[in-house]
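**Q** Here you go, one structure.
Nothing in this text is a laboratory measurement; each read-out follows from the coordinates by a stated rule. Bear in mind the structure is a predicted one, so any value in this text is a computation, not a measurement. So basically every Cβ, Gly included, is an ideal-geometry build from the backbone, and we count neighbours across all protein chains shown.
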Amino acid sequence: MKKSLLTVVVLLFCFYSQAQTNDGTERKPVKNVHKKGDKGKPPALYITTSTGLNNNTGIIGLNLELPVSPNISIEAGAGIGSWGNKVYAGAKYYLRPHHLGWALGVGITHNSGLSDFTDNLSTIYGSTESVTLDLYPVTNMYFAAYRYWKLGQGANRFFLELGYSVAFTNDKFDQTSGDPIDQNAINTMNLISPGGLIAAVGFSFAIR
């Protein structure tokens, strides 16, 4: 009798245990998201092309962005601008991991300037004439906000940038020939010189 009772208790216990493992609270195996070649792995590098007003790499250029943590990256690039060649170096902090969404950036840009730059500008005599200017090299500090969106199934991205750039000098050009330009022309040259509002757009391609 005792053996039969013990057998029933054991069977009931086994049945109860089996029922528990088959109900809705069963734990599923966790997939290894860090397998070799896993598409969820952060890219080793981003190659970016962009354009815009006071864009970090000028009218058109390329930059390399290196993720150093899930929220931080460093970058550098070069391009061609209206004030000569342009180079920059900077860093970004992403407000969420995986280098998507909003990011804040800061850095330094440098424009090489141009010698013997010729343009038609208004002069102090009320006429518009061809004059020659030397555009000085200009170094700026910039502050910017970025918004990144994922492109397709990979880690490629599309982004917008909005910010402000401040020049370290006020002397940005000098007239070398032609009648002296008037204040309107001076204001125009200062307006197109490096510095002020930043508004840019670009594509960022992931390299694993």
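**Q** Given the C-alpha centroids of the stretch 98-122 and the stretch 141-208, what is the distance between them in whole angstrom?
**A** After rounding, the separation between the Cα centres reads 4 Å.
**Q** Need the full-extension length gain, S177 to F205, defined as separation in residues times 0.36 nm minus the C-alpha distance. One decimal, nm.
**A** Full-extension gain reported as 5.5 nm.
**Q** Could you tell me the calculated FRET efficiency between T49 and V106, based on Cβ-Cβ distance and R0 = 22 angstrom, to the nearest 0.05?
**A** 0.55
**Q** Right, here's the next one. Could you calculate the contour length gain from L62 to Y164, that is, 0.36 nm times the residue separation minus the distance between their Cα atoms, to one decimal place in nm?
**A** Length gained, L62 through Y164: 34.7 nm.
**Q** Under 5 Å between amide H atoms, partner at least 5 residues away or on a different chain: which partners does I72 have, H built in plane at 1.01 Å?
**A** Y94
**Q** For the stretch 166-175, what does the Karplus curve 6.51 cos²θ - 1.76 cosθ + 1.60, with θ = phi - 60°, yield as ³J(HN,Hα) per residue in whole Hz, taken in order and with x for Gly and Pro?
**A** 10, 7, 7, 9, 9, 8, 10, 7, 8, 7
**Q** Name the residues whose placed amide hydrogens come within less than 5 Å of the amide hydrogen of I198, ignoring near sequence neighbours (fewer than 5 apart) on the same chain.
**A** Amide H to amide H, under 5 Å and 5 or more residues apart or across chains, I198 pairs with G163, Y164, S165.
**Q** List, in order, the whole-Hz ³J(HN,Hα) value for each residue of the stretch 48-62 obtained from phi through the Karplus relation with A = 6.51, B = -1.76, C = 1.60 and θ = phi - 60°; use x for Gly and Pro.
**A** 10, 10, 8, 8, x, 7, 6, 4, 4, 10, x, 4, 8, x, 10
**Q** May I pose another question? Whole-Å semi-axes of the stretch 72-162's equivalent ellipsoid, largest first, each the root of 5 times a Cα gyration tensor eigenvalue?
**A** Ellipsoid half-lengths, sorted descending, are 38, 14, 12 Å.
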